[in-house]
Every structure is written in C-alpha cells, then in structure tokens.
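A.B. asks: This structure is in structure tokens; I'll ask about it shortly.
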Amino acid sequence: MWAEWEALAGPGHRPVLELRDVRAGYGAIDVLFGVDLLVPAGQVVALLGANGAGKSTTLKVASGLLPPTAGCVHLMGRHVNGATPDALARAGVCTIPEGRGIFPNLTVRENLRMATHAGRPRQEIEDRAYERFPRLGERRHQVAGTLSGGEQQMLSMARALATDPALLLLDELSMGLAPIIVERLYDHVAAIAAEGVSILIVEQFAHAVMGVADIAAVMVHGRVEQVGRPADVAGTLVGTYLGTSS
C-alpha cells in the first residue's frame, strides 16, 4: 500500500504526515490493523468509510490523542510517536473535531480572541476571519452556541486558521448539516488548501468531499482497502457502503 501512496504523491513530494503500519485501539480492543497513510504538502487527502471503519481513530493517532501500539507516525519527517497533542499543535497540527471546536457560551469575537495564544494580534485574527467568513463578521457579537451549525463550523475553521497550521485535521465536517451548507464549507476547504495548507479530512459521506480531494483512501474494518484519485475509488466506496466490500 505504501507504494501506491508514494506514486499518488508524485516525485519529489514532501510528506507533511506519514502513518506507517500503524496499529491502535482502546484497551484490549484493537481498531487499526496496519494503517498506511500519507498527506503530501499542500494536498487534500480524504479518508472515507462507513461508521466503525477506524477513520476517527486514525485521526486521533495523527493528532496525538491516541498513541499507536505499533508502527510509526512522522510529522514533516520527524518521528513523533508519543508526542502530546499540545506538542503536535505547536509543530503545526490543528484539529477540528467532530461536533465543532468552539466555546458555545462565548461570542464569536470572544472565541476568536481565544486564538491569540498563538501569538497573532487579536485584530489581525478578526480581520482575517471576517474576510474569509463574512457571516462571522455579521454575527461577531452573537453567542456562538446560538449560531447555525454551518456558522459554528466556520468559526471552528477561523479559530484553527489563526494558528497558521501546516496540517489541518477535519473530522466529519458535514455532520448534521444541509447539503448546500456542506458544499459552501468545502469551497472554503478548497480555498484553504490553495493557500498551501495540507489537509486530512475524515468523512462518512464521500460525495461531500470528493470534489476537493487530491487523494482518497477507503477504510474498511481498520485497514485502508484502497487509495487513489477520487474518481478511481468510486467502485470500492459503493461496495463499502452497501456492505459488499471484502
């Protein structure tokens, strides 16, 4: 499987994230069984599969929330097995978890102000957020928990981008949102990738992300079954979601 990843990344690629033969689980329960995954610099990788396939567990390993029991995790060429989420965040990894990473009892503006810990001035963070997401500018004094689901995802993304991440990890961006809102959010994802940010997206609903992904990987039962260009994995996806994949 590693040869397929490198062929897709292309000659001279610079991997931002590498998982090699990674195994992981929870207590005595194994979830990942030798996962290979590569995110090249400036590209969008979509990790797809049904519920329980191991997608979110893979993201937890990549973000440092769950240490692998075997295999290697590399970030920009450095071995980072056992690194804490804080250490990986300082190295350029930013995660937007399923359910959105916001402070619901704070206003939009206060949420953005919390991102100044990365050292960027508050006004600059706000200006960039409102330029990218004009709706947030209109809602700057509104309590974040009262925003629509799509607006909350915009706020999560704005907070994440305030840290100037090298690698953005997105977990189920489309969860609970109307298709038209999801489409707009993925337009923003494409724009972020065009600025050079590497992105790993975990999605159950494959159609939502296929239009922006450079590489797509299909997970089944804790293993990557296929990796290729989005159009190339369509057949595997049909089998996966209909329960016919081997």
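A.B. asks: Looking only at the stretch 173-193, count every residue that is out of contact with any Phe, Trp or Tyr (no Cβ under 8 Å at 6 or more places or on another chain), in contact (Cβ under 8 Å) with a residue 60 or more places away in the chain and not β-branched (V, I, T) and tell me the total.
C.D. replies: So the count comes out to 3.
A.B. asks: Of these, T163, T236, which one is in contact (Cβ under 8 Å) with a residue 60 or more places away in the chain and β-branched (V, I, T)? Let's see the steps before the verdict.
C.D. replies: Numbers: T236 fails: in contact (Cβ under 8 Å) with a residue 60 or more places away in the chain.
The conditions single out T163.
A.B. asks: Filter the stretch 132-144 down to residues that are over 22 Å from the mean Cα position of the chain (by Cα) and not polar (S, T, N, Q) and give me whichever is surrounded by the fewest Cβ atoms within 10 Å (Cβ to Cβ). Walk me through how you get there before you give the answer.
C.D. replies: Let us first name the residues in the stretch 132-144 that are over 22 Å from the mean Cα position of the chain (by Cα), namely 134-135, 137-143.
Imposing the further condition that a residue be not polar (S, T, N, Q) reduces the set to 134-135, 137-141, 143.
On the way: P134: 11, R135: 15, G137: 15, E138: 12, R139: 21, R140: 15, H141: 9, V143: 15.
Restricting to residues being over 22 Å from the mean Cα position of the chain (by Cα) and not polar (S, T, N, Q), the top hit is H141.
A.B. asks: Here's a follow-up. When you go through (1) surrounded by fewer than 17 Cβ atoms within 10 Å (Cβ to Cβ); (2) in contact with a His (Cβ under 8 Å, 6 or more places away or on another chain) one by one for P179, which number turns out not to apply?
C.D. replies: Exception for P179: condition (2).
A.B. asks: Here is a follow-up. Which condition number in (1) touching a strand residue (DSSP E or B) at 6+ places or on another chain (Cβ under 7 Å); (2) without any contact (Cβ under 8 Å) to a residue 60 or more places away in the chain is the one that L65 fails?
C.D. replies: The failed condition is (1).
A.B. asks: Right, next: Can you find a residue that is of a type in the set (A, V, I, L, M) and within 16 Å of M76 (Cβ to Cβ) anywhere in the stretch 40-50? So that I can check it myself, show each step before the final result.
C.D. replies: So in the stretch 40-50, the residues of a type in the set (A, V, I, L, M) come out as 41, 44-48, 50.
With the extra rule that they be within 16 Å of M76 (Cβ to Cβ), the set shrinks to 41, 45.
Scanning the stretch 40-50, I find at least one residue that is of a type in the set (A, V, I, L, M) and within 16 Å of M76 (Cβ to Cβ), so the answer is yes.
A.B. asks: Let me ask something additional. Within the stretch 4-28, which residues are closer than 23 Å to V189 by Cα and at pLDDT 95 or above? Break it down into steps so the answer makes sense when it comes.
C.D. replies: Of all residues in the stretch 4-28, those closer than 23 Å to V189 by Cα come to 5, 8-10, 13-19.
Scanning the stretch 4-28 gives V16, L17, E18, L19.
A.B. asks: In this structure, does G101 turn out to be of a type outside the set (S, T, N, Q), farther than 16 Å from V39 by Cα and within 18 Å of the chain's Cα centre (by Cα)?
C.D. replies: Numbers: of a type outside the set (S, T, N, Q): yes; farther than 16 Å from V39 by Cα: yes; within 18 Å of the chain's Cα centre (by Cα): yes.
Yes; evaluated as a whole, the condition is true for this residue.
A.B. asks: Out of V31, V39, I need the residue that is within 18 Å of the chain's Cα centre (by Cα) and either surrounded by 20 or more Cβ atoms within 10 Å (Cβ to Cβ) or at pLDDT below 95 (or both). Which one?
C.D. replies: On the way: V31 fails: within 18 Å of the chain's Cα centre (by Cα).
V39 is the lone residue from the list that is within 18 Å of the chain's Cα centre (by Cα) and either surrounded by 20 or more Cβ atoms within 10 Å (Cβ to Cβ) or at pLDDT below 95 (or both).
A.B. asks: Sticking with this structure for a sec: Return the residue satisfying two criteria in turn: it lies in the stretch 1-28 and is free of Cβ contacts under 8 Å to residues at least 24 places away in the same chain and small (G, A, S), and of such residues it is surrounded by the most Cβ atoms within 10 Å (Cβ to Cβ).
C.D. replies: A7
A.B. asks: Taking into account only those residues within the stretch 88-111 that are more than 17 Å from L168 (Cβ to Cβ) and hydrophobic (A, V, I, L, M, F, W, C), which is surrounded by the most Cβ atoms within 10 Å (Cβ to Cβ)?
C.D. replies: Within the stretch 88-111, the subset more than 17 Å from L168 (Cβ to Cβ) is 103-111.
Filter once more, so that each one left must be hydrophobic (A, V, I, L, M, F, W, C): 103, 106, 108.
Values: F103: 14, L106: 15, V108: 29.
Among residues in the stretch 88-111 that are more than 17 Å from L168 (Cβ to Cβ) and hydrophobic (A, V, I, L, M, F, W, C), the one surrounded by the most Cβ atoms within 10 Å (Cβ to Cβ) is V108.
A.B. asks: Could I ask something else about it? Going by the structure shown, is S56 farther than 10 Å from G222 by Cα and either basic (K, R) or modelled with pLDDT of 95 or more (or both)? Outline the logic, then answer.
C.D. replies: Values: farther than 10 Å from G222 by Cα: yes; either basic (K, R) or modelled with pLDDT of 95 or more (or both): no.
In short, no.
A.B. asks: Looking at the stretch 152-167, is at least one residue touching a Ser or Thr at 6+ places or on another chain (Cβ under 9 Å), of a type outside the set (F, W, Y), at pLDDT 95 or above and surrounded by 20 or more Cβ atoms within 10 Å (Cβ to Cβ)?
C.D. replies: Looking through the stretch 152-167, at least one residue is touching a Ser or Thr at 6+ places or on another chain (Cβ under 9 Å), of a type outside the set (F, W, Y), at pLDDT 95 or above and surrounded by 20 or more Cβ atoms within 10 Å (Cβ to Cβ).
A.B. asks: Working only within the stretch 132-171, note down all residues that are closer than 26 Å to S198 by Cβ and among the polar types (S, T, N, Q).
C.D. replies: Passing the criteria: Q152, Q153, S156, T163.
The values are calculated or read from the model by the stated rules, or taken from the named source; none is laboratory data. Predicted model only: the values in this text are computed from it and were never measured. With ideal geometry, Cβ positions are generated from the backbone for all residues, glycine too; neighbour counts draw on all protein chains shown.
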